[in-house]
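In what follows, a single structure is set out as structure tokens and then discussed.
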Amino acid sequence: MSRERGEAAGSWQAALEDLAEQAGPSGARARPLAPYTSFHIGGPADLLVEPDTPDLLQSLLRAAAAAGVPCTVMGGGTNLLVSDDGVPGIVVRIARPLGRIAFHGALVRVEAGASLPGLAGRCARLGLSGLEFAGGIPGTVGGAVVMNAGAHESNIGQTLRWVDAFSLAGEPRRFDVTELGLGYRRSRFQHEPWVVAGAMLELQPDDPEAIRTRMQAYVERRRRTQPLGTHNAGSIFKNPPGEYAGRLLEAVGAKGWEEGQAQVSTLHANFIVNRGGARAADVLRLIERMRDAVEERFGVRLELEVRLVGWPAPEGVSSGVGLPDRGRTPS
């Protein structure tokens, strides 16, 4: 742990104890985050909490803000690179305990912690179309909303009617879909301090068998083209306009590049896999090498899709958009 991290933890100790008591059995001190990420990488959270109700989520946000304790929010951890040093303050993990789903005809009200592929499967069985793209894509509904996750020319934003969120101070707000700032792998929640708590989706009735057929075709395509069954965080970079990041990376020979136990997938050049024991610093060096190579050859500066947690963002960009300043990579 860095000296600065240790000093900060000391100043928050009493507040963290109070937050841990408030969280009850849903909280854990000094919990390593690696098991909670698909990369299987990441140091400890000072306090990890998995709230099981919106009320507990709101009260924890309010208490952390009042005490000045930094708060980081994560979902299923499927698109995160967590620092080896971990994350100071409280980490709120919105996952299965906060994942209730209610169907009202073609309208689906869902809490942020619900499994995205699980929801897609249930909708398919009920003859509700619109989430076929999500078949086999790991993660939570909340994370999908934040990233405006999608595939095969579809995205979750196309199904949204509204989103419920809390500010980091615990103040509630409902956002109409027109207020979300949606774009390719973008939403306002990536650069504004809101915590997605739930959403209302509007889907389209269709034949369940037709929906399942489309979904299975997407799943089979992923199996052929992506390193499923490995520890990875999905696409590392967003596709630049009119191009594919994977094609550019393959063109510079990135497949198979290694840093420590981190390796660029030999199946898809826009994926990095943890071969066992990789550290966040290894992955970060590999990311920089990949991005620099593409920029040098093609003049294209690739933008991260994977989100960085536990590092300060470079000046002027939000966490997950840029890389930490060189020289500040955790060791």
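The values are calculated or read from the model by the stated rules, or taken from the named source; none is laboratory data. Remember, it's a predicted structure, so these values are computed and weren't measured experimentally. Quick reminder, even Gly has a Cβ in these numbers, built from the backbone with ideal geometry, and neighbours come from all protein chains shown.
Observations
- Of all residues in region 70-77, one or more are on the phi > 0 side of the Ramachandran plot, in contact with a Ser or Thr (Cβ under 6 Å, 6 or more places away or on another chain) and touching a residue at least 40 places away in the same chain (Cβ under 8 Å).
- Any hit, region 18-26, residues being surrounded by fewer than 24 Cβ atoms within 10 Å (Cβ to Cβ), polar (S, T, N, Q), not assigned by TED's automatic domain parsing to the domain that holds N232 and not in a helix (DSSP H, G or I): no
- Residue satisfying condition, being under 19 Å from L284 (Cα atoms) and either in contact with a helix residue (DSSP H, G or I) (Cβ under 6 Å, 6 or more places away or on another chain) or of a type in the set (V, I, T) (or both), within set T78, T72: T78
- Residue check, G229 exposed (fewer than 15 other Cβ atoms within 10 Å of the Cβ) and of a type in the set (G, A, S): yes
- Only one of the numbered conditions (1) in a helix (DSSP H, G or I); (2) under 18 Å from the mean Cα position of the chain (by Cα) is not met by N270, and that is (1).
- Just one of the listed residues (G127, G170, G136, G113) is touching a Pro at 6+ places or on another chain (Cβ under 7 Å), modelled with pLDDT of 95 or more, on the phi > 0 side of the Ramachandran plot and not β-branched (V, I, T), and it is G127.
- Comparison of L81, L119 shows that the only residue that is buried (at least 20 other Cβ atoms within 10 Å of the Cβ) and part of a helix (DSSP H, G or I) is L119.
- Residues that are surrounded by fewer than 24 Cβ atoms within 10 Å (Cβ to Cβ), under 19 Å from the mean Cα position of the chain (by Cα) and either in a strand (DSSP E or B) or of a type in the set (D, E) (or both) within region 90-109 are absent altogether.
For every residue, the table says whether it meets (1) surrounded by fewer than 24 Cβ atoms within 10 Å (Cβ to Cβ); (2) outside the structural domain of F237 (by TED's automatic domain parsing); (3) touching a Phe, Trp or Tyr at 6+ places or on another chain (Cβ under 6 Å).
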| residue | (1), (2), (3) |
| --- | --- |
| T37 | yes, yes, no |
| A66 | yes, yes, no |
| V69 | yes, yes, yes |
| G77 | no, yes, yes |
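- Considering A313, A281, the condition of being at pLDDT 95 or above and either closer than 25 Å to G86 by Cβ or among the hydrophobic types (A, V, I, L, M, F, W, C) (or both) is satisfied by A281 alone.
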